[in-house]
Amino acid sequence: MGRRETVIDTDLFIPFIDLKAQYTGHKDEIDKAINDCIDNANFINGSEVKKFQQELASFLSVKHVIGCANGTDALQIALMCLDLQPDDEIIIPAFGYVSPAEVTALLKFKPVFAEVDPFTFNLDVQKLESYITKQTKAIIPIHLFGQGAEMGTILSIANSHNLFVIEDAAQALGSSYYFSNGNQQQLGTIGHIGCTSFFPTKNLGCYGDGGALFTNDDNLAQKIKMIANHGQAEKYNYEQVGVNSRLDSLQAAILSVKLNYLRVDNARRKEIAEQYDQFFSTIDEIAYPLKAMYSEHIYHQYSIVLCSKVKRDEFKDYLAAHNIASMIYYPKPLHLQQAFKHLGYKKGAFPVSESLCDRILSLPIYPELSLQQIDYMLSTISRFDFN
Ligand SMILES: *Cc1c(COP(=O)(O)O)cnc(C)c1O
């Protein structure tokens, strides 16, 4: 009996993501796009870039899409467009990816960390106003794991304090926000500037590095293009210190193909999440991701919260022993990182963020997961003692 189970277990391996399967699914189309691009040999600023930017703009219903080299650059370029001064303060979630805080510090602005909500993992808007000072210039909400931060409240707070809103939509491309007046808008197109990443594992990923900025503001769009291109207003005329950050033609060609599948892929992620939800709703000791009324969730990650760090680590090891990958996003909050030590935060400053880092775990979720793999995961998980 035990022997048979062992055979089933070792037959299946559930990687955290399966980029090879993703490629195989659209191999002919992608190979053709790559070959056409190489044939044209316009590797930088080729027609593929313009085409993809237009396609994504129409997909998102946003006026301007400007490609760049990666998502971190997108955030840096966004901050460079706002005419900020050294020590101006930018509000950033303490629980999330490093890029918003990293580029803020790099540009000599001051990251001001903010607590997140224990159930959505996004900015806790109840506390948001308490971080605002005379030096505050911008808020960077991260739409974490594929679900929007509470943009309605964030926008009204930002408006009343005259702050910029830069959305980090790297994990939420193709996810919608539902305003209380019934309007619906794509995440990343709501604030002054939206930023995304096409890192291969994102919901829309390329085959290397890539990123983009979104805006509906013509002046900001001009400025973004200029800064991303060495600060050149026209060739060899440098208006401000800029950077060299481009989405290359090959990546754009690949992204044009993959954009056609983003809606279907996101829908499949939601179906798998639904199955996970149903399963975890029967386990009292697990908090599964809360679906907010105001946002779609496209499950870049499916993250559960366990009762303790010990249980989380035990569960992770148990999954690994059964060939199921899992990841901790994120193991350490930003305010306790060595890189931001100079800001002077202490342990205990953001209890929710700190506790999530100890107890959260992300499970495999991607469109290519087979029914057999999902069944195997759920039956394996059901044999774990969460008490
Ligand atoms: C991936 C990611 C980024 C950075 O993107 P890169 O392309 O790797 O620079 C920024 N913010 C969030 C929330 C991300 O998930």
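Tabulated data
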quantity: Protection proxy ranking of 338-345, 14-21, 147-154, 89-96 - average other beta-carbon atoms within 10 Å, highest first; calculated: 89-96, 147-154, 14-21, 338-345
quantity: Cα centroid separation, the range 22-57 to the range 175-225 (Å); calculated: 20
quantity: Lys/Arg +1, Asp/Glu -1 at C-beta; the range 262-382 dipole; positive extreme among TYR302, TYR330, PHE279; calculated: TYR330
quantity: Within the range 25-259: Cβ-based charge dipole about Cα centre, in debye rounded to nearest 20 (Lys, Arg +1; Asp, Glu -1); calculated: 180
quantity: Cα centroid of the range 135-151 to Cα centroid of the range 308-387, whole Å; calculated: 22
quantity: Qualifying trypsin sites (Lys or Arg not before Pro) for the range 137-237 [loop in DSSP, other Cβ within 10 Å: at most 10]; calculated: LYS235
quantity: Heavy-atom surface of the chain, accessible at 1.4 Å and reported per residue (Å²); calculated: 45
quantity: Where GLU167, GLU368, GLU129 fall by accessible area, highest first, once all protein chains stay in place (1.4 Å); calculated: GLU129, GLU368, GLU167
quantity: Carbon + sulfur, % of accessible area of the range 25-259 - ligands and nucleic acids excluded, 1.4 Å; calculated: 48
quantity: Listed residues SER281, SER175 arranged by accessible area, highest first, probe 1.4 Å; calculated: SER281, SER175
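The values are calculated or read from the model by the stated rules, or taken from the named source; none is laboratory data. Bear in mind that the values here come from a model prediction, so they are computed numbers and not experimental data. Please note: Cβ atoms are built from the backbone with ideal geometry, for glycine as well, and neighbour counts cover all protein chains shown. Quick note on the areas: whole protein, heavy atoms, side chains included, nothing else; ligands and nucleic acids left out. Shrake-Rupley method; radii C 1.70, N 1.55, O 1.52, S 1.80 Å.
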